[in-house]
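What follows is one structure encoded as structure tokens, with my remarks underneath.
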Amino acid sequence: MDIGTVRDLYASPGRYVTAYASSNPVLENAAHLYDLRWRDIVAELERLGIGPEVRELLMAERGDRYQREGGTRVVVVSGEGKQARTCLTQWLPGRSDVDVLAVGGLPHLLPVLDWMDSRLPHVVAVVDRLGVDVLAYAGGPLPAEAISQDTTRPPWHKAHAGGWAQRRYESHVEEHWKHGAKDDAELIARACRETGAEVVILAGDPKALSLLRDELPGEVAAKVVVVQGSRARDGSADHLATRVAEVLAVQVARRRSELLAEFQRYRGRARTLVGAGAGVGSGVQAGLGGPAGASGPYGIGGPAGIGPAPAGSPGRPMLAASDGAAATAYALSRSQVSRLLLAESPSADEPAWIGDDATEIALDPAGADGLRRPVRAAREDALVRAALGTGASIHAIPPDTPESPADGVGALLRYSLQSGVD
């Protein structure tokens, strides 16, 4: 699944029903529990007055309850009655912690986007002195490319022949190893280029690994993480898969930490500048969607509160981050958001209003008057729609860390905007 597929979901008019049901294969009765989750979903939809057509579509697409890898099944149905249709079905391997049912004017997509964000493009390569096995992942659960190749010409092993030719024979074998390592490195580098790999996970024979790393281009070598594993067909594939999953989890956590650190840096700078521009201390969140001075649906003084300064208004501080739902919604309405940050569990009761265009979003009923054919939706889903429609990336973040944005909503901006503090 790519981001274009997710964007296309908004082309379906009417009400959306989004169901997530998780399956944990570690549990002995996992299949039975999975069936119960879907029965609960259907029962709840019936209680909410959702018609049988929608309920039948959901049950038809609930997937295999014996899914070996486990994960979460997501099904999105749009429309009602005979107009109802399934617009998304997807397994999310690796996530067995999502059980959600949402009914509203927009699909509930943050768990899907969080899963996509965690699927780092990566290359796994296992080497020995004969060759290499390469698996290249572009982001999906299945490899985009799989290569198994013996690249070393014979002889491969140093035989104890004895006599005056022993040293020459050993040198000959070592040269073949080096040539094979060079070919292995070229295969891995090509896979990295084709997938945009962010990490390269290597395993295998220590001598072959040493030769291989000497041949890798610098930009590829900088992404290498070495784990235990071998090309031998000895049943160790599950062990290697576990090590790969651990490496990817560390890389995802590191990337998220760096993102939050960048947001915190810009947010701190913005608070200081806005506070200085207003003649107040840096702790005041004026202009950043905080409580100080909020008087409109977007924050200070309404939508213009954090907009560009009028001509001839020198000295306005420049902001490169928005902190809080109000300021972030305004930045999204101006297509200024580069990276949208959403807490993983924001309040489901917070509403928003959306119009025909992705940039039409309001967090207050008064702001809905300026939208074309306004529709009420969950705030999180409205922010996600605006971000997808304006080309922003979306990142689910932990809600309980000091770096998390106010209201569980924040953004890094494509370009700085001047605060509206006089």
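Taking amide H atoms as placed 1.01 Å from N in the peptide plane, the amide H of residue 151 lies under 5 Å from those of 131, 132, each 5 or more residues away in sequence or on another chain. Return the aspartates and glutamates within reach of residue 182: Cα separation strictly under 17 angstrom, same-chain partners fewer than 8 residues apart disregarded; answer none if there are no such residues. Qualifying aspartates and glutamates at Cα under 17 Å: 128, 133, 150, 174, 205, 214, 215, 219.
Could you compute how fast the stretch 332-377 diffuses translationally, taking Rh as the Kirkwood radius over C-alpha pairs and applying Stokes-Einstein at 4 °C with viscosity 1.567 mPa s? Give it in µm² per second. Each step should come with its number before you reach the end.
Details: Rh = 11.6 Å.
Reported coefficient: 112 µm²/s.
The order of the peptides 373-386, 185-198 by mean Cβ neighbours within 10 Å, most packed first, is 373-386, 185-198.
Stretch residue 350-residue 369 to full length: gain in nm at 0.36 nm per residue minus the Cα-Cα span?
Numbers: separation 19, 0.36 × 19 = 6.84 nm, distance 1.84 nm.
Between residue 350 and residue 369, full extension yields an extra 5.0 nm.
Each label point was placed 7 Å from the Cα along the Cα-to-Cβ direction; for residue 207 and residue 64 their separation is 4.2 nm. Surface composition of the stretch 45-155: carbon and sulfur atoms hold 47% of the protein heavy-atom accessible area at a 1.4 Å probe. In sequence order, the stretch 46-52 has phi-based couplings of 5, 4, 7, x, 6, x, x Hz under the Karplus curve 6.51 cos²θ - 1.76 cosθ + 1.60, θ = phi - 60°, and Gly or Pro positions carry x. Counting only protein heavy atoms and a 1.4 Å probe, the stretch 1-117 has 48 square angstrom of accessible area per residue.
For a quick check of your reading of the filter: which GluC sites (Glu not before Pro) in the stretch 8-108 sit in a DSSP loop and have no more than 15 other Cβ atoms within 10 Å? List each step's numbers first, then the result.
Numbers: sites: 28, 44, 46, 53, 56, 61, 69, 80; in loops: 28, 61, 69, 80.
In loop regions of the stretch 8-108 (DSSP not H, G, I, E or B), the sparsely surrounded GluC sites (Glu not before Pro) are 28, 69, 80.
Using R0 = 25 Å, the C-beta based FRET efficiency linking residue 43 and residue 80 works out to 0.85. For the stretch 45-97, pairs of C-alpha atoms spaced more than 16 angstrom apart make up 46 percent of the total. Summarising the amide proton neighbourhood of residue 87: residues at separation of 5 or more, or on other chains, whose placed amide H is nearer than 5 Å comprise 76, 77, 78. Couplings 3J(HN,Hα) for the stretch 15-26, derived from phi with the Karplus relation 6.51 cos²θ - 1.76 cosθ + 1.60 (θ = phi - 60°), are 6, 10, 10, 10, 10, 10, 9, 9, 9, 10, x, 5 Hz, where x marks Gly and Pro. Taking amide H as placed 1.01 Å from N in the peptide plane, the amide H of residue 144 sits under 5 Å from that of 136, 137, 138, each at least 5 places away or on another chain.
The values are calculated or read from the model by the stated rules, or taken from the named source; none is laboratory data. Bear in mind the structure is a predicted one, so any value in this text is a computation, not a measurement. For neighbour counting, all protein chains shown are included, and Cβ atoms are generated from backbone atoms with ideal geometry for every residue, glycine included. Calculation scope for accessible area: heavy atoms of the full protein, side chains included, ligands and nucleic acids excluded. Shrake-Rupley method; radii C 1.70, N 1.55, O 1.52, S 1.80 Å.
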